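Chemist: First the structure, then my questions, so here it is.
Please treat every number below as a calculation from the coordinates, not as lab data. On a predicted model such as this, the values are computed, not experimentally measured, just so you know. Neighbour counts are summed over all protein chains in view; Cβ atoms, including those assigned to glycine, are modelled from backbone coordinates with ideal geometry.
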């Protein structure tokens with residue numbers, strides 16, 4: 001595959017489970033569905049892929065299955081990253097054997113390193129590979145924000161090429177856009193995709209993209225072509241989907257939607273996460289009916 005353009009809509013695909021084990025048949029069907037529905041790329045083993053509940057062997061096996069099923073049709077950006085730099089490097093070294101187009105590396109969580117520690121972590125991980133790395137900033141989950149100055153410093157490392165920005169701080173996003181060049185800023189907050197694209201962002205890595213990745217991509221492209229009326233229409237058309245996808249903890253709603261649409265066999269999660277409530281499932285079904293998907 002040629003050099004990847006980190007623009008558009010990437011889907012951090014769920015990891016289907018059945019009776020406690022990974023359901024590889026459902027995973028392969030999911031890959032086909034997402035590719036055919038218009039996703040620019042896939043991101044296995046991110047937060048939405050329940051990476052925190054996967055063993056190292058499962059983590060690599062899931063990435064390998066997604067790469068195999070994608071078969072070069074779209075880039076695969078593997079979710080890699082833990083709160084232990086050495087462990088993150090070990091995972092990346094194993095993933096280096098696969099035909100990947102890059103990595104999504106989360107800010108170290110739980111340990112709460114200072115900004116110097118965050119820089120040292122990403123610098124150490126970046127030295128393991130020549131492949132592109134996307135930073136993943138999600139302070140709500142990690143307990144640490146990757147500050148703007150830290151992003152600017154890390155962007156000087158040649159193979160750190162972008163950020164999945166789930167800070168939910170539009171002022172921070174604007175500062176990153178203003179202070180970086182040739183650096184992809186991808187929304188990790190699905191409801192802010194339209195706004196971030198209008199500010200000069202490059203797309204998103206969207207859990208909601210499981211359902212209609214092609215329409216999210218159309219919104220990004222409408223912004224890029226200057227058709228803000230169409231982009232705004234798509235934003236409000238997709239907003240009910242975005243809201244219901246985060247009504248209960250991610251990725252439970254995304255799995256429920258894929259199960260309702262017949263893409264995967266089960267919406268099972270691994271503890272401590274639970275499947276959606278009956279009320280949430282009804283809301284998801286209502287939104288999918290409204291989108292004429294059921």
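Chemist: Full-extension gain between residue 278 and residue 90, please, as 0.36 nm times their residue separation minus the C-alpha to C-alpha distance. It would help to have the intermediate numbers written out before the result.
Modeler: On the way: separation 188, 0.36 × 188 = 67.68 nm, distance 4.02 nm.
Gain on extension, residue 278 to residue 90, equals 63.7 nm.
Chemist: Specify the inter-centroid distance of segment 1-66 and segment 276-293, based on alpha-carbon positions, in whole Å.
Modeler: 23
Chemist: Could I ask something else about it? Apply the a/c threshold of 1.5 to the C-alpha gyration tensor of segment 251-294 and tell me whether it is rounded, prolate or oblate. Numbers along the way, then the final one.
Modeler: Numbers: a/c = 3.02, a/b = 1.59, b/c = 1.90.
Oblate is the answer for segment 251-294, as a/c is 1.5 or above yet b/c matches or exceeds a/b.
Chemist: If you don't mind, another one. May I ask for the distance between the Cα centers of segment 72-118 and segment 151-198, given as a whole number of Å?
Modeler: After rounding, the separation between the Cα centres reads 18 Å.
Chemist: Rounded to a whole number of µm²/s, how large is the Stokes-Einstein D of segment 6-82 at 4 °C and 1.567 mPa s, given Rh as the Kirkwood radius over C-alpha pairs? Display every interim value, and only then the final one.
Modeler: Numbers: Rh = 12.3 Å.
D = 106 µm²/s.
Chemist: Then there's this: Which order do 50, 36 fall in if you start with the one that has the fewest other Cβ atoms within 10 Å?
Modeler: Details: 50 20, 36 11.
Ascending number of Cβ neighbours within 10 Å: 36, 50.
Chemist: Classify segment 64-212 as rounded, prolate or oblate from the Cα gyration tensor: take a ≥ b ≥ c as the square roots of its eigenvalues, call it rounded if a/c is under 1.5, otherwise prolate when a/b beats b/c and oblate if not.
Modeler: Values: a/c = 1.58, a/b = 1.10, b/c = 1.43.
The shape class here is oblate.
Chemist: Now, a different point. Output the relative contact order of segment 8-227, whole-number percent, from Cα pairs under 8 angstrom with separation of 6+ residues. The partial results should precede the final answer.
Modeler: Numbers: 409 pairs, mean separation 43.2, N = 220.
Relative contact order comes out at 20 percent.
Chemist: Taking each pair of distinct Cα atoms in segment 1-133 once, what is the resulting Kirkwood hydrodynamic radius in Å?
Modeler: On the way: mean 1/r = 0.0662 Å⁻¹.
Over segment 1-133, the inverse of the mean reciprocal pair distance is 15.1 Å.
Chemist: Counting DSSP beta bridges with both partners in the chain, what percentage is antiparallel, nearest 5? Walk me through the intermediate numbers first.
Modeler: Details: 3 of 28 bridges.
The antiparallel fraction comes to roughly 10 percent.
Chemist: If each of residue 159 and residue 285 carries a label point 7 Å out from its Cα toward its Cβ, how far apart are those two points in nm?
Modeler: According to this spin-label approximation, the distance is 4.8 nm.
Chemist: Shifting gears a bit: Which three extents, in whole angstrom, do the alpha-carbon atoms of the chain cover along their principal axes, largest first?
Modeler: Computed over the Cα atoms, the extents are 48, 46, 36 Å.
Chemist: Counting other beta carbons within 10 Å of each residue's own, what order do 45, 220 fall into, fewest first? Write down the numbers at each step before the final one.
Modeler: Numbers: 45 28, 220 24.
Final ranking by Cβ density, sparse to dense: 220, 45.
Chemist: Send over the per residue convex hull volume for segment 127-234, Cα only, as a whole number of Å³.
Modeler: On the way: hull volume 12.5 nm³, N = 108.
Here the figure is 116 Å³ per residue.
Chemist: When you have a sec, figure out the Kirkwood radius of segment 199-245 from all distinct Cα pair distances and drop it here in Å to one decimal? Walk me through the intermediate numbers first.
Modeler: Values: mean 1/r = 0.0925 Å⁻¹.
About 10.8 Å, per the Kirkwood formula over Cα pairs.
Chemist: Let me check against my output: what whole-number percent is the relative contact order of segment 211-263, with C-alpha pairs under 8 Å and at least 6 apart? Don't jump to the answer; show the numbers that get you there.
Modeler: Numbers: 23 pairs, mean separation 16.2, N = 53.
For segment 211-263, the relative contact order is 31 percent.
Chemist: Another question about this same structure. Would you kindly state how much longer the chain becomes between residue 73 and residue 28 on full extension, computed as 0.36 nm times their sequence separation minus their alpha carbon distance, in nm to one decimal?
Modeler: Details: separation 45, 0.36 × 45 = 16.20 nm, distance 1.34 nm.
Full-extension gain reported as 14.9 nm.
Chemist: Here's something else I'd like to know. Return the ratio Rg/(2.2 N^0.38 Å) for segment 154-294, where Rg is computed over Cα atoms only. It would help to have the intermediate numbers written out before the result.
Modeler: Working: Rg = 16.4 Å, N = 141, 2.2 N^0.38 = 14.4 Å.
In units of the globular-protein estimate, segment 154-294 measures up at 1.14.
Chemist: Could you compute the FRET efficiency for residue 182 and residue 247, with r as their C-beta to C-beta distance and R0 at 25 Å, rounded to 0.05? Spell out each step's value before the answer.
Modeler: Details: r = 37 Å, r/R0 = 1.48.
Using R0 = 25 Å, I get an efficiency of 0.10.
Chemist: Here's something else I'd like to know. Working only with C-alpha atoms, what are the Rg and Dmax values of segment 37-102, expressed in angstrom?
Modeler: 11.5, 37
Chemist: Length gain on complete extension for the stretch residue 98 to residue 198, per 0.36 nm per residue less the alpha carbon to alpha carbon distance?
Modeler: Length gained between residue 98 and residue 198: 32.5 nm.
Chemist: Now a separate question. Neighbouring Cβ atoms within 10 Å as the yardstick, rank 110, 136, 236 fewest first.
Modeler: Values: 110 12, 136 27, 236 9.
Lowest count first: 236, 110, 136.
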